[in-house]
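To start, the structure itself, in structure tokens.
The values are calculated or read from the model by the stated rules, or taken from the named source; none is laboratory data. Computed from a predicted model, the values in this text were never measured in an experiment. Note that each Cβ is placed from the backbone with ideal geometry, even for glycine, and that neighbours are counted across all protein chains shown. Each accessible area value is taken on the protein alone, full model and side chains, heavy atoms only, with ligands, DNA and RNA left out. Shrake-Rupley method; radii C 1.70, N 1.55, O 1.52, S 1.80 Å.
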Amino acid sequence: EIDPPASTGNLVNKAIYGSDSRQEHSAMPPEWTSIGDAVAMIYDTQSNRVFDSQGVFQYEQSLRDKHGDCDGTPLRFSDQPTPGRCTATLIAPNKVATAGHCFKPHLCGRLAFAFGATTDAMVRGTPFAADRLYSCGSVEISVSTGGKDWAVVRLDRSVPDSVASPVRVASTEVAIGT
């Protein structure tokens, strides 16, 4: 079994900080949908059956089933399936960035990525195209100590532009470690 995420310094284990401004991907303005498309769900290929061998979505447990309510108050989206452990953002055709506590090097063979894991797509029996499902090729770096919490993972292959384009955070490539 995968250990729960470790503490990252002064952070409290919360899902939402401040007001909850989350929206469904389908409700996002067009200028934000390409960023949403670049976000992949990280899922465990061994402990919970998310996809069958043909890439058909199989998971049924909801957020409420998994975590209950928050202080007796139902959470937004609590009726939706929650197969993911964390998310990752495409930063190069074959690399994603995520939180360090989400992806340790020893988990590379066990954790995988699904692009397009929206509420509309995560319906039991819905097939996911093979170009939306990726494995870990290698963990380039994973840091989750001293208040730092980030990782860069190389995917097993490049993500085509038809699936997602890397999110640009700078006009030049940022060197790992900066």
Checklist outcome for this item: Ratio for the stretch 17-74, C-alpha Rg to 2.2 N^0.38 Å, reads 1.47
Checklist outcome for this item: Gyration tensor on Cα atoms of the stretch 112-168, a ≥ b ≥ c root eigenvalues, a/c under 1.5 rounded, else prolate if a/b beats b/c, else oblate, says prolate
Checklist entry - Accessible area per residue of the stretch 92-165 at 1.4 Å probe, in Å²? => result 44 Å²
Checklist entry - How large, in percent, is the carbon and sulfur part of the accessible surface of the stretch 102-162 at a probe radius of 1.4 Å? => result 52 percent
Checklist outcome for this item: On the formula 1/(1 + (r/R0)^6), with r taken between the Cβ atoms of R49 and R157 and R0 of 22 Å, the FRET efficiency rounded to 0.05 is 0.45
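Classify the stretch 59-178 as rounded, prolate or oblate from the Cα gyration tensor: take a ≥ b ≥ c as the square roots of its eigenvalues, call it rounded if a/c is under 1.5, otherwise prolate when a/b beats b/c and oblate if not.
On the way: a/c = 1.95, a/b = 1.35, b/c = 1.44.
Cα axes put the stretch 59-178 in the oblate bin.
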